[in-house]
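**Student:** First the structure, then my questions, so here it is.
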Amino acid sequence: MKGKKIDIDKIDLEELKKSTTENPGTLPYAHHSGSAVIKPEDKGKSTGRAVAAMQSQTDMQMSQIYEQMKLLADQAKMIQARVEYSERIYEANISFEPLINHHYFLYQKNDGSDFLSMIAPEEWGRKKDFAHFLAEVKLLADHTWEVIREKE
């Protein structure tokens, strides 16, 4: 097989430089027959997957934040209820000095006034001095009252 003779004087080196590069890894196509095949990626497909993953992750995080908010709201409601009961107890007639972490009993008399007692409803016997048992309470260190049990 006889090849054509190449006339080196007719080769335009400047024109050849345009079709070659010193950094072939930056070309958007394979620069020789042994190069890896480069296929264009479907941008819509990869963007869709990324958006779906992002939405899934942010939905999970929003759900966690919602659960935390719900827990905080429930805790706030419990504190508010404790404050309301505490205000009612401090307006009641108390004929002794309550001690922290001790249990006491809140009653309502026939006239509608409240009083705090050390006597449980089961301990009164025949001579009960109240119309309604309201709650068993415990004095906490912050001087609010925790409701242990309410009237049945």
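**Student:** Would you mind telling me which numbered condition in (1) under 35 Å from the mean Cα position of the chain (by Cα); (2) surrounded by 10 or more Cβ atoms within 10 Å (Cβ to Cβ) Gly44 fails?
**Tutor:** Every condition holds for Gly44 apart from (2).
**Student:** Can you name the residue in the range 86-128 that is of a type in the set (Val, Ile, Thr) and over 18 Å from Glu150 (Cβ atoms) and, of all such residues, is nearest to the chain's Cα centre (by Cα)?
**Tutor:** Ile100
**Student:** Listed residues Glu146, Glu136, Glu123; which is over 21 Å from Met78 (Cβ atoms) and of a type in the set (D, E, K, R)?
**Tutor:** Result of the check over Glu146, Glu136, Glu123: Glu123.
**Student:** Out of the range 71-123, which residues are open to solvent by 30 Å² or more (accessible area, probe 1.4 Å) and part of a strand (DSSP E or B)?
**Tutor:** Asn93, Ile94, His103, Gln108
**Student:** Applying the selection to the range 136-149, what residues are under 14 Å from Glu87 (Cα atoms) and either acidic (Asp, Glu) or open to solvent by less than 30 Å² (accessible area, probe 1.4 Å) (or both)?
**Tutor:** Val137, Leu139, Asp142, Thr144, Trp145, Glu146 - these are the residues of the range 136-149 that are under 14 Å from Glu87 (Cα atoms) and either acidic (Asp, Glu) or open to solvent by less than 30 Å² (accessible area, probe 1.4 Å) (or both).
**Student:** Search the range 63-82 for residues that are at pLDDT below 95 and pair each with any residue that is among the aliphatic types (A, V, I, L, M) and open to solvent by less than 100 Å² (accessible area, probe 1.4 Å) when their beta-carbon atoms are under 9 Å apart and the residues are at least 6 apart or on different chains.
**Tutor:** Ala81/Val147; Arg82/Leu140; Arg82/Val147
**Student:** May I ask you to list pairs of residues, at least six apart or on different chains, whose Cβ atoms are under 6 Å apart, with the first in the range 131-152 being without any contact (Cβ under 8 Å) to a residue 60 or more places away in the chain and closer than 25 Å to Asn110 by Cα and the second being in a strand (DSSP E or B) and hydroxyl-bearing (Ser, Thr, Tyr)?
**Tutor:** Matching pairs, first to second residue: Phe133/Tyr107; Val137/Tyr104.
The values are calculated or read from the model by the stated rules, or taken from the named source; none is laboratory data. Note that the coordinates shown come from a computational prediction; the quantities given were computed from them, not determined experimentally. Here Cβ is always computed from backbone atoms with ideal geometry, including for glycine, and neighbour counts include all displayed protein chains. Remember, those area values only see protein heavy atoms, side chains included, never the ligands or the DNA or RNA. Shrake-Rupley method; radii C 1.70, N 1.55, O 1.52, S 1.80 Å.
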